[in-house]
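The values are calculated or read from the model by the stated rules, or taken from the named source; none is laboratory data. All figures in this text were calculated on a predicted structure; none of them were measured in a lab. Using ideal geometry, Cβ is built from the backbone for each residue, glycine included, and neighbour counts are taken over all protein chains shown.
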Amino acid sequence: MEFIHTEKAPVPAGHYSQAVISGGMVYVSGQLPLNPADGSVSAGIEEQASQVLANLEQILVAGGSSLQKVVRVTVYISDISLWGTFNRVFAEKFGNHRPARAVVPTRELHHGFLVEVEAVAEL
Amino acid sequence: MEFIHTEKAPVPAGHYSQAVISGGMVYVSGQLPLNPADGSVSAGIEEQASQVLANLEQILVAGGSSLQKVVRVTVYISDISLWGTFNRVFAEKFGNHRPARAVVPTRELHHGFLVEVEAVAEL
Amino acid sequence: MEFIHTEKAPVPAGHYSQAVISGGMVYVSGQLPLNPADGSVSAGIEEQASQVLANLEQILVAGGSSLQKVVRVTVYISDISLWGTFNRVFAEKFGNHRPARAVVPTRELHHGFLVEVEAVAEL
């Protein structure tokens, strides 16, 4: 088992690693839309979607993977009405690659965030 | 990585594949209780549970797997009061096979659906 | 595929196994903070967090794994305000091991429980 850490994504706020490599797969922890440079958060779903996917990408790259190697992703959003905008940003970011995905509406996320994303990818 | 597509299950509404095969496992996207033939949705949890498991089964079969090969499944339901009926339909559909499972009560699902199911299965 | 059953963790209340082994990994079903000895539940998040992680550990050990071999864990909590206490109990229980993790706030869990945990671990 290998543990990933990169300064290009938010430092874990709790007792977990940014990602763990096991059996040839990278398991990425739930990412929030924090800007790793200064800890700031943008207000809208479009900005938060971009940030959370940027964080995911940095962790994947640090682990020797990439967005194009994502097998499955689970997206938690604070309200299902955010689905359309999130999906558009996701499509722009992933391009031709279409992983397996589930979008799950939850209660309010940590610190009022609108979106959280976790993923499993190939190396 | 291999991407599954079958007309016997609902066409993805967003930027994802019905399922992805990686490392000898099939990762099925969150399925909703849409009838793939005409896009209709039945009102009750019993009908929606049957439909969503039928959709899951079609995607698994299209990927060379089956319900009997499901390793784990996550079930999102819009209210925990639906647990009992969903569990009964699930038991009837899976028969002797008892995968690992988590049932998660969420906020309202997309389009007011009562249940969403994602799964990981062996080939 | 191998199915795990231990009396040291709660008996499944529905149509699922406590855990399934596949491809060298153990997939543990969503665990609730039930005391397996008498079916009782403690009231607070601290006690429920301890119980649910004890249940997880017993199932992992029964399957030939351990908490130290957990690759990823998803934690469902009924309110994000429980995050801090849960994280502290989790840190005490896992010690130096920091798996990939997502914490997801949901609606009320089954029987009013405050926390549910599912996990994937190496053998």
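Quick one: is A:Ser66 more than 14 Å from chain C (Cβ to nearest Cβ) and hydroxyl-bearing (Ser, Thr, Tyr)? Spelling it out, A:Ser66 is indeed more than 14 Å from chain C (Cβ to nearest Cβ) and hydroxyl-bearing (Ser, Thr, Tyr). The listed residues are C:Glu122, C:Glu47, and the only one of them that is away from every other protein chain (no Cβ under 12 Å) and at pLDDT 95 or above turns out to be C:Glu47. Sub-9 Å Cβ pairs linking a first residue in segment A:48-64 that is closer than 17 Å to A:Ser78 by Cβ to a second residue that is at pLDDT below 95 and among the hydroxyl-bearing types (Ser, Thr, Tyr), at least 6 apart or interchain, are A:Gln48/A:Ser42; A:Ser50/A:Ser42; A:Gln51/A:Ser42, ordered by first then second residue.
For every residue, the table says whether it meets (1) surrounded by 16 or more Cβ atoms within 10 Å (Cβ to Cβ); (2) in a loop (DSSP other than H, G, I, E, B); (3) of a type outside the set (Lys, Arg).
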residue: A:Gln48; (1), (2), (3): yes, no, yes
residue: A:Val52; (1), (2), (3): yes, no, yes
residue: A:Leu56; (1), (2), (3): yes, no, yes
residue: A:Arg72; (1), (2), (3): yes, no, no
residue: A:His97; (1), (2), (3): yes, yes, yes
residue: A:Arg101; (1), (2), (3): yes, no, no
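Only residues that are among the aliphatic types (A, V, I, L, M) and closer than 18 Å to C:Ala119 by Cβ were counted in segment C:12-46, giving 8. When B:Leu60, B:Leu32 are screened for being of a type outside the set (S, T, N, Q) and under 24 Å from C:His110 (Cβ atoms), only B:Leu32 passes.
Of all residues in segment A:103-119, those being in contact with a strand residue (DSSP E or B) (Cβ under 8 Å, 6 or more places away or on another chain) and assigned to a loop (DSSP other than H, G, I, E, B) number 5.
When segment C:1-20 is filtered for residues that are farther than 15 Å from C:Glu57 by Cα, within 9 Å of chain B (Cβ to nearest Cβ) and outside any loop (DSSP other than H, G, I, E, B), only C:Phe3 remains. The set of residues in segment A:97-118 being free of Cβ contacts under 8 Å to residues at least 40 places away in the same chain and either of a type in the set (Asp, Glu) or facing chain B (nearest Cβ under 7 Å) (or both) consists of A:Arg98, A:Pro99, A:Ala100, A:Arg101, A:Ala102, A:Val103, A:Val104, A:Pro105, A:Thr106, A:Arg107, A:Glu108. For segment A:74-95, a residue qualifies if it is hydroxyl-bearing (Ser, Thr, Tyr) and outside any helix (DSSP H, G or I), and the qualifying residues are A:Thr74, A:Tyr76, A:Ser78.
Taking the criterion of being touching a residue at least 24 places away in the same chain (Cβ under 8 Å), facing another protein chain (nearest Cβ under 8 Å) and under 17 Å from A:Ser22 (Cα atoms), the residues of segment C:21-42 that qualify are C:Gly24, C:Met25, C:Tyr27, C:Val28.
Of all residues in segment B:83-95 being of a type in the set (Phe, Trp, Tyr) and closer than 20 Å to B:Val41 by Cα, which is surrounded by the fewest Cβ atoms within 10 Å (Cβ to Cβ)? Among them, the one singled out is B:Trp83.
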